[in-house]
Amino acid sequence: MRAARDEILATIRQSLGRGPLEPDATAVLAARMAAPPQHPRPAFEEDLTTRTIRKLESRSATVARVADWTDVPRAAEQFRTENGIEPRVVIGAGLAALAWPSHWSWHSGPAAPDAVLSVTPAFAAIAETGTLMLVASPDSPTTHNFVPEHQIVVLKVEQIVRHFEDAWWCRQQTGAGLPRVVNLVSGPSRTADIEQTIQLGAHGPRRLHVILVG
Amino acid sequence: MTDSSRGRPRVGLFVTCLMNLFRPNIGFATAKLLEEAGCRLVVPQGQTCCGQPGYNAGDEDSARALAQQVILAFEEFDYLVGPSGSCLASIRHDYPLLFAAAPAWRARAEALAAKSWELTSFLVDVLGISQTGARFDGVVTYHDSCSGLRGLGIKGQPRQLLAGIEGLTLREMAETEVCCGFGGTFCVKYPEISLKLVDDKIQNVLATGADTLLGGDLGCLMQVAGRLRRRDLPMRVYHVAEVLAGLATGPSIGEGPLASG
Amino acid sequence: MDLHSHEFQSRARTALHDTSLQQALDQARDGFVAKRAAQVAELSEFEALREAAAQLKDHILEHLDDYLERYETAVNAAGGHVHWARDDAEARRIILDICARVDARTVTKGKSMVSEEIGLNEALIEAGLKVVETDLGEYIIQLAGEAPSHIIAPAVHKTREQVADLFEAAHGGPRRTEISDLVDAARQALRGRYFEADVGITGGNFLIAETGSSLIVTNEGNGDLTQTLARVHIVTAGIERVVPTLHDATLFLRLLARSATGQETETYTTVSTGPRRLDDLDGPEEYHVVLVDNGRSRMLAGPFRAMLRCIRCGACMNHCPVYGAIGGHAYGWVYPGPMGSVLTPLIKGLDLAYDLPNACTLNGRCASVCPVKIPLPDLLRQLRHAQFTQAITPRRQRGALAAWRVVATRPWLYHALERVVARILARLGARTGRLRRVPGAHGWTLGRDLPTPAARTFLECWHHEREKS
Ligand code: SF4
């Protein structure tokens, strides 16, 4: 095991025509790591919220806008009934305090196969491509993002950032290091593996509904 | 533009091996275009081939020998010009690489590369010509040969010149930038694949409703014309130089021998 | 996976006559090309991104040892394990050992080309494990008992009718041909498998040195279900997949989906770091990464280093006319098309994959779309050169080249021979004006006429005429 590691590294160095990097060279790499160079980013003038909604809808997600946090359960219930979805729900603990409809059967544990709908708090959204950033935590288990047939994501307008780099930066600001899983979700699950025909709901959610607050 | 005493550039005409044997008319067309554009034309006897058959087969040593021959035959001129994107792309890009390990030759290869031009780009980009004053009656479509297109960025130049030809209408085909399947010796080493590619090309050509196919590389044109003839499909095929020079009057490529110019 | 690249010619011939394959290929090619072109047209920064990505990859490769060590340290810090595999056999053994230790019975798999490269499925099945491919395309070809024919669309060679047949045989029930029904059927069939899996194996599009994370990109979400629900998650990835930071990975992500499927972004991009944490409600108990070398560290040395920039987007094959004509199976191993024609000979041997670098017209369309600007035609030519110098090029061809050189370096001889040939061909074609069969030119006249030349060559006429005037 150790032998394989050492041999591979030795071959790499041999191929590169040098020995292990000198300390000053590794220091340069460490500095680069701490402050990576800016790569080209798509420039755009469109308003962040408009763009996020437009991009999400272009990939078959739906978006509903509400004024206030307390409006979320009503909007969620509307989406549920409009699409005839059974009220077997998993709700991220981060949202558990809201007043959910009493006829919902819901919990905040990991999603099992019987969960039909999930309601998940977003960490951020990236306007560049209209992508939601969902991070794993006890408030938002990863299974909620993939096991249920339908997913609702709750996003606040002020959580929308311009580029991916901004989202990574936001994450670093929390000071908590990287969570175990970061899911960047840009629409409902899809496949084009049969005759290049796009079909929604391949393995993950068939419907992705975003409730935008603010 | 030139260092020659009379202000007319001395141009060495690169005679591609296919053209020399199969379609001398392209050579005369090229010569006419260059001379009418005010060039003093010389056709060096010391040339045979650009060396690609060796280079593309992995025989770099032979390719180098041929490259040296071309350098020796042409370095005295203001320009090397030839009617083929493929040979010219090789002279411009491959020659300097071939002499990576021989600095003196590398410098000579680079110097030659810098003054070597494919015909249509020479006329348009170097001489600034936009009209050749010829006439051609027909609806044509234009195949972009790969080496000229991707190696030398030739796309607008032939079209710009064709736009000045009276009586000619250009109708673009779908996938005009996709390979016709010639590929030098590829077409004889992998004939079945090559034929599939040329049939795809022919389908796109026919779909335009044009009566004539034009292009800038005889290899590709022989590939398409040879297939058209075999399938008994009526379609004229000319090198763009023949049309630009007003010499596309006799039988087209593959339609029987031309009386030599 | 066994190597069949030496059968290239016969496989290509079969492919050209396979009508459902041709139908599938036509459809795929048009879709991929048009969608990518639309995305590129939308993004004015695309060329700048390509240039930056090529440079970043070169920087990484130049410091690959250092970044790999940093990556390993970070994975360990997150509670994961890194395993190093020199070759395919070692990689298989590492994974089999993990499966045995955790007493695994069922293994789910997300799409991973490296797992194909190391022949993992066969080894797992031989060890008595139940292996379930979860990517729809991979699932289809697993049912068909075939290898992938494309690196991002493994079942691109299958028509829906063929998928319907496979599903009918595997799932029972009435035969359905609607694509929505077929996708649903696969969804239902695979649901339960995710939950019963002991080990979930995925690839890794990028490995992040800074955080010790693996990053995967999918449209279906199958990779996420695979790695979230199994007890043990194993990532398999080539050593060249490491990138310094998430910011750097972002650069490649901007190119990947656009180049691959012509999407602005794929549906799911997932960054995973280590196993389940104390307060996590789900996630795998163990997290392993198997770093596979398999010839890559040696590839760094020579002219082929640029090949290690590859991010496996598949754009080169989508734009390759030869791939479009014969499909992926003709190439005879895991990686088809232009990138495969470079990689296969390098990994498996120049002699065993002789045809791959040669069956190319050098038209350059692949290089013009490659998001990391790999000069694929140049690398193919370099491989031909290596074959030539190692005398792998067939003797007849080498003889022909030697003869050509003797003649072509003597202009007087060359011109004399051309004059002779011109006269012979002119006579042969004099009556009909067309040459349908010419001795020694069978490869050409097999499907094309040869133009009848005039009896005199250009040089002959030119000098004759100019001397007159
Ligand atoms: S060689 Fe370039 S185009 Fe081909 S798969 Fe790799 S990155 Fe994509």
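The values are calculated or read from the model by the stated rules, or taken from the named source; none is laboratory data. For clarity, every value in this text was computed on a predicted model and none was experimentally measured. Note that we place each Cβ from the backbone using ideal geometry, even for glycine, and neighbour counts take in every protein chain shown. Side chains included, ligands, DNA and RNA excluded: accessible areas come from the protein's heavy atoms. Shrake-Rupley method; radii C 1.70, N 1.55, O 1.52, S 1.80 Å.
What does the charge count near C:Gly79 come to, summing +1 for each Lys or Arg and -1 for each Asp or Glu among other residues with Cβ under 12 Å from its Cβ? Working shown, then result.
Details: positive: A:Arg180, C:Arg276, C:Arg277; negative: C:Asp280, C:Glu285, C:Glu286.
With Lys, Arg at +1 and Asp, Glu at -1, the net is 0.
Against the globular-protein guess of 2.2 N^0.38 Å, express the Cα radius of gyration of region C:337-443 as a ratio, rounded to two decimals.
Compared with the compact-globule rule of thumb, region C:337-443 sits at 1.44.
Once label points are set 7 Å from the Cα along Cα→Cβ at both C:Gln390 and A:Ala30, what is their separation, rounded to one decimal in nm?
Those two pseudo-labels are separated by 4.2 nm.
Explain nothing, just the number: dipole magnitude of region C:322-469 about its Cα centre with +1 on each Lys and Arg Cβ and -1 on each Asp and Glu Cβ, in debye rounded to the nearest 20. Before the final figure, lay out each step's value.
Details: 21 positive and 8 negative charges, 102 e Å.
Dipole size: approximately 500 debye.
Can you work out the FRET efficiency for the pair C:Thr177 and C:Asp30, with r the C-beta to C-beta distance and R0 = 25 Å, to the nearest 0.05? Intermediate values should be presented prior to the final figure.
Numbers: r = 22 Å, r/R0 = 0.86.
Here the calculated transfer efficiency is 0.70.
Rounded to the nearest 20 debye, what is the charge dipole size of the protein assembly as shown about its Cα centre when +1 sits on each Lys and Arg Cβ and -1 on each Asp and Glu Cβ?
3180 debye
Shape of region A:49-213 from its Cα gyration tensor (a ≥ b ≥ c, root eigenvalues): rounded if a/c is under 1.5, otherwise prolate when a/b > b/c, or oblate? Intermediate values should be presented prior to the final figure.
Working: a/c = 1.33, a/b = 1.09, b/c = 1.23.
It comes out rounded by the Cα gyration axes.
Round to the nearest 10 and give me the degree value, 0 to 90, for the angle of helix C:395-408's Cα axis relative to the longest principal axis of chain C.
That helix lies at roughly 50 degrees to the long axis.
7 Å from Cα along Cα→Cβ at both C:Arg93 and C:Glu146: what's the point-to-point distance in nm?
Taking the two extended label points, one gets 3.5 nm.
Sort C:Arg175, C:Arg105, B:Arg236, C:Arg254 by heavy-atom solvent-accessible area, probe 1.4 angstrom, most to least.
Per-residue accessible area, sorted high to low, gives C:Arg105, C:Arg175, B:Arg236, C:Arg254.
Taking Cα pairs under 8 Å and at least six residues apart, what relative contact order does region C:80-297 come out at, in percent?
Numbers: 395 pairs, mean separation 59.1, N = 218.
That works out to 27 percent.
Which is the longest stretch in chain A that no exposed loop site breaks, taking sites as GluC sites (Glu not before Pro) with a DSSP loop state and at most 13 other Cβ atoms within 10 Å? Could the numbers behind the result be given before it?
On the way: sites that count: A:Glu45, A:Glu46.
The segment A:47-214 is the longest one with no such site.
Relative to the longest principal axis of chain C, what angle (0 to 90°, nearest 10) does the C-alpha long axis of helix C:246-260 take?
Between the helix axis and the principal axis of chain C, the angle is about 50 degrees.
On the accessible surface of region B:130-244, probed at 1.4 Å, how many percent belong to carbon and sulfur atoms?
On the way: 1880 of 3690 Å².
Heavy-atom surface of region B:130-244 belonging to carbon and sulfur, 1.4 Å probe: 51 percent.
I'd like the interface area for chains B and C: accessible area of each alone minus the complex, both sides summed, 1.4 Å probe, protein heavy atoms only. What is it in Å² to the nearest 100? Write down the numbers at each step before the final one.
Numbers: alone 11520 and 22940 Å², together 28550 Å².
Summing both chains' loss of accessible area gives about 5900 Å².
For peptide A:135-146, compute the average count of partner chain beta-carbon atoms within 10 Å of each residue's beta-carbon.
Details: counts 1, 10, 4, 5, 2, 1, 5, 12, 9, 2, 6, 12.
The per-residue average across the peptide is 6.
Between beta-carbons, use under 15 Å as the cut-off and find the net charge around A:Ala31, counting Lys and Arg +1, Asp and Glu -1. Intermediate results must be reported in sequence, preceding the final value.
Values: positive: A:Arg32, C:Arg70; negative: A:Glu22, A:Asp24, C:Asp66, C:Glu210, C:Asp248.
Cβ neighbours under 15 Å give a net charge of -3.
Please list the non-local residues whose amide H lies under 5 Å from the amide H of A:Arg65, H modeled 1.01 Å from N, same-chain partners needing a gap of 5 or more.
Distant-sequence amide H within range of A:Arg65: A:Leu212.
Please list, by residue number, every one of the GluC sites (Glu not before Pro) in region B:55-85 that is coil in DSSP and has at most 15 other beta-carbon atoms within 10 Å.
Details: sites: B:Glu60, B:Glu75, B:Glu76; in loops: B:Glu75, B:Glu76.
Passing both the DSSP loop test and the Cβ count: B:Glu75, B:Glu76.
Rounded to the nearest percent, how much of the accessible area of region C:80-297 (1.4 Å probe, protein heavy atoms only) is carbon and sulfur?
Numbers: 2740 of 6040 Å².
With neighbouring chains kept in place, the figure for region C:80-297 is 45 percent.
Can you list the aspartates and glutamates whose alpha carbon sits under 17 Å from that of C:Lys468, skipping same-chain ones fewer than 8 residues off?
Candidates past the 8-residue exclusion: C:Glu460.
With r as the distance between the Cβ atoms of C:Val407 and B:Ala102 and R0 = 25 Å, compute the FRET efficiency 1/(1 + (r/R0)^6) and round to 0.05. Show your work: numbers first, answer last.
Numbers: r = 24 Å, r/R0 = 0.97.
After rounding to 0.05, the efficiency reads 0.55.
Using only alpha carbon pairs under 8 Å that are at least six residues apart, calculate the relative contact order of chain A and give it in whole percent.
In percent, rounded to a whole number, it is 23.
To two decimal places, what compactness ratio does the protein assembly as shown give when its Cα radius of gyration is scaled by 2.2 N^0.38 Å?
On the way: Rg = 30.8 Å, N = 944, 2.2 N^0.38 = 29.7 Å.
It is 1.04.
Relative to the present Cα-Cα distance, how much length would full extension add between C:Ser20 and C:Arg231 at 0.36 nm per residue of separation?
On the way: separation 211, 0.36 × 211 = 75.96 nm, distance 4.07 nm.
Taking 0.36 nm per residue and subtracting the Cα distance, the gain is 71.9 nm.
Provide the buried accessible surface between chains C and A in square angstrom, both chains summed, 1.4 Å probe, rounded to the nearest 100.
Working: alone 22940 and 12390 Å², together 27800 Å².
The buried area between C and A, both sides summed, comes to about 7500 Å².
By how many degrees, between 0 and 90 and to the nearest 10, does the Cα long axis of helix C:19-42 differ from the longest principal axis of chain C?
Taking Cα atoms only, the helix is inclined about 80 degrees.
Give, as a single signed number, the net charge of other residues whose beta carbon lies under 10 Å from the beta carbon of A:Phe164, with Lys and Arg counted +1 and Asp and Glu -1. If you can, show how the numbers build up before the last one.
Working: positive: A:Arg41, A:Arg162, C:Arg254; negative: A:Glu128, A:Glu165, A:Asp166.
Around A:Phe164, the surrounding residues sum to 0.
How big is the accessible area of C:Trp462 in square angstrom, nearest 10, if you roll a 1.4 angstrom probe over the protein chains?
10 Å²
Using a Cα-Cα cut-off of under 16 Å, which aspartates and glutamates could be cross-linked to C:Lys35, ignoring same-chain neighbours fewer than 8 residues away?
Straight-line reach from C:Lys35, under 16 Å: A:Asp193, A:Glu195, B:Glu175, C:Asp26, C:Glu264, C:Glu266.
My understanding is that a pair violates if its Cα-Cα distance is over 31 Å; which of B:Lys189/C:Lys57; B:Lys189/C:Lys158; B:Lys32/B:Lys196; B:Lys155/C:Lys158; C:Lys109/C:Lys348 do that in this structure?
Values: B:Lys189/C:Lys57 35 Å; B:Lys189/C:Lys158 29 Å; B:Lys32/B:Lys196 36 Å; B:Lys155/C:Lys158 37 Å; C:Lys109/C:Lys348 25 Å.
Among B:Lys189/C:Lys57; B:Lys189/C:Lys158; B:Lys32/B:Lys196; B:Lys155/C:Lys158; C:Lys109/C:Lys348, the Cα-Cα distance tops 31 Å for B:Lys189/C:Lys57; B:Lys32/B:Lys196; B:Lys155/C:Lys158.
Could you work out, residue by residue across B:228-239, how many beta carbons of other chains sit within 10 Å of that residue's beta carbon, and then give the average as an integer? Write out the running numbers ahead of the final one.
Details: counts 2, 8, 8, 3, 1, 0, 0, 0, 0, 1, 0, 0.
Mean partner shielding for this stretch: 2.
Which of the residues in region B:135-161 show a loss of at least 30 Å² in accessible area from their chain by itself to the complete set of protein chains, at a probe of 1.4 Å?
B:Arg150
Using protein chains only (no ligands, no nucleic acids) and a 1.4 Å probe, work out which residues of region C:285-301 have their accessible area cut by at least 50 Å² relative to the chain alone.
Listed by number, the residues meeting the 50 Å² cut-off are C:Ser297.
Given a 1.4 angstrom probe, I'd like the percentage of the accessible area of region C:349-469 that is carbon and sulfur, rounded to a whole number. Display every interim value, and only then the final one.
Details: 3280 of 5850 Å².
The value for region C:349-469 is 56 percent carbon and sulfur by accessible area.
Among all the lysines, which ones have a C-alpha under 24 Å from A:Lys156's C-alpha, if same-chain residues fewer than 8 places away are not counted?
Leaving aside lysines fewer than 8 places away in the same chain, those within reach of A:Lys156 are A:Lys55.
Largest first, what is the accessible-area ranking of C:His81, C:His150 with a 1.4 Å probe? Write out the running numbers ahead of the final one.
Details: C:His81 90, C:His150 5 Å².
The ordering from most to least exposed comes out as C:His81, C:His150.
Under 10 Å, Cα contacts only: if you run a Gaussian network model on chain B, which one of B:Ala29, B:Ala245, B:Ala107 comes out with the highest mean-square fluctuation?
Ranking B:Ala29, B:Ala245, B:Ala107 by mean-square fluctuation puts B:Ala107 first.
Calculated from DSSP H runs of 4 or more alone, at -39500 (n - 2.57) each and per residue, what is the 222 nm mean residue ellipticity of the protein assembly as shown, nearest 500? All intermediate terms of the calculation are to be shown ahead of the outcome.
Details: 40 runs with 413 residues, N = 944.
Helix contribution divided over all residues of the protein assembly as shown: -13000 deg cm²/dmol.
Please calculate the 1.4 Å probe accessible area of C:Leu129, with all protein chains present, and give it to the nearest 10 Å².
20 Å²
Can you tell me the accessible area per residue over the protein assembly as shown, all protein chains present, probe 1.4 angstrom, in square angstrom?
On the way: 33410 Å² over 944 residues.
In whole numbers, the protein assembly as shown has 35 Å² accessible per residue.
What relative contact order, as a whole-number percentage, does chain C give when Cα pairs under 8 Å and 6 or more residues apart are counted? Each step should come with its number before you reach the end.
Details: 781 pairs, mean separation 94.4, N = 469.
Averaging sequence separation for qualifying contacts and normalising by length gives 20 percent for chain C.
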